[in-house]
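Encoded as structure tokens, the structure appears first; notes follow it.
The values are calculated or read from the model by the stated rules, or taken from the named source; none is laboratory data. Worth saying up front: this structure is predicted, and the values here are computed from it rather than measured. Virtual Cβ from ideal backbone geometry, glycine too; neighbours counted across all protein chains shown. Accessible surface is based on the protein model in full, side chains and every heavy atom, while ligands, DNA and RNA are left aside. Shrake-Rupley method; radii C 1.70, N 1.55, O 1.52, S 1.80 Å.
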Amino acid sequence: QVQLVESGGGLVQAGGSLRLACGVSGRTIGTAMGWFRQAPGKEREFVAAIMWNGGNTYYADSVKGRFTISRDNGKNTVYLQMNNLKPDDTAVYYCAARTWSIATRAEEYAYWGQGTQVTVSS
């Protein structure tokens, strides 16, 4: 079992930055961690993912070069650093976990946090 708790969302102006955190309890060995987002009226979409062991990362094209996913093994926390934010980045951001490899489809993740709202004003 894996439990996830997100924090760090908020309101920011376009061009600004936010850092989201996902506290992880339970199994982390062999776990892939992902960040997804869902805007009103849209499907949940993949943002970024990282392997807990080894640190391999993968990003959606829409955030590549602006967002960075990382993990702190000592704190059992995964971060999403978001820079140069745009109004289109406005969404509820979710942390997710699955065993084995990185995946980009939401249905492949078994564990989810409650979500944190990110709002980017123009």
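Data for the structure
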read-out: Flag if VAL92 is among the aliphatic types (A, V, I, L, M) and either in a strand (DSSP E or B) or open to solvent by 20 Å² or more (accessible area, probe 1.4 Å) (or both); value: yes
read-out: Residue pairs meeting the criteria (Cβ under 6 Å; at least 6 apart or on separate chains; first on the phi < 0 side of the Ramachandran plot, in the range 41-65; second modelled with pLDDT of 95 or more and open to solvent by 70 Å² or more (accessible area, probe 1.4 Å)); value: ALA49/TYR58
read-out: Subset of the range 1-26 (residues that are surrounded by 13 or more Cβ atoms within 10 Å (Cβ to Cβ), over 17 Å from the mean Cα position of the chain (by Cα) and not in a strand (DSSP E or B)); value: ALA14, GLY16
read-out: Residues of the range 30-80 classified as over 13 Å from the mean Cα position of the chain (by Cα), farther than 18 Å from TYR111 by Cα and assigned to a strand (DSSP E or B), total; value: 1
read-out: Qualifying residues in the range 107-122 (those that are among the aromatic types (Phe, Trp, Tyr) and open to solvent by 20 Å² or more (accessible area, probe 1.4 Å)) - the one farthest from SER17 (Cα to Cα); value: TYR111
read-out: Residue satisfying condition, being surrounded by fewer than 18 Cβ atoms within 10 Å (Cβ to Cβ), without any contact (Cβ under 8 Å) to a residue 24 or more places away in the chain, within 20 Å of VAL24 (Cβ to Cβ) and among the polar types (S, T, N, Q), within set THR77, THR68, THR104, THR99; value: THR68
read-out: The range 27-42 - residue that is surrounded by 17 or more Cβ atoms within 10 Å (Cβ to Cβ) and small (Gly, Ala, Ser) and, of those, modelled with the highest pLDDT; value: GLY34
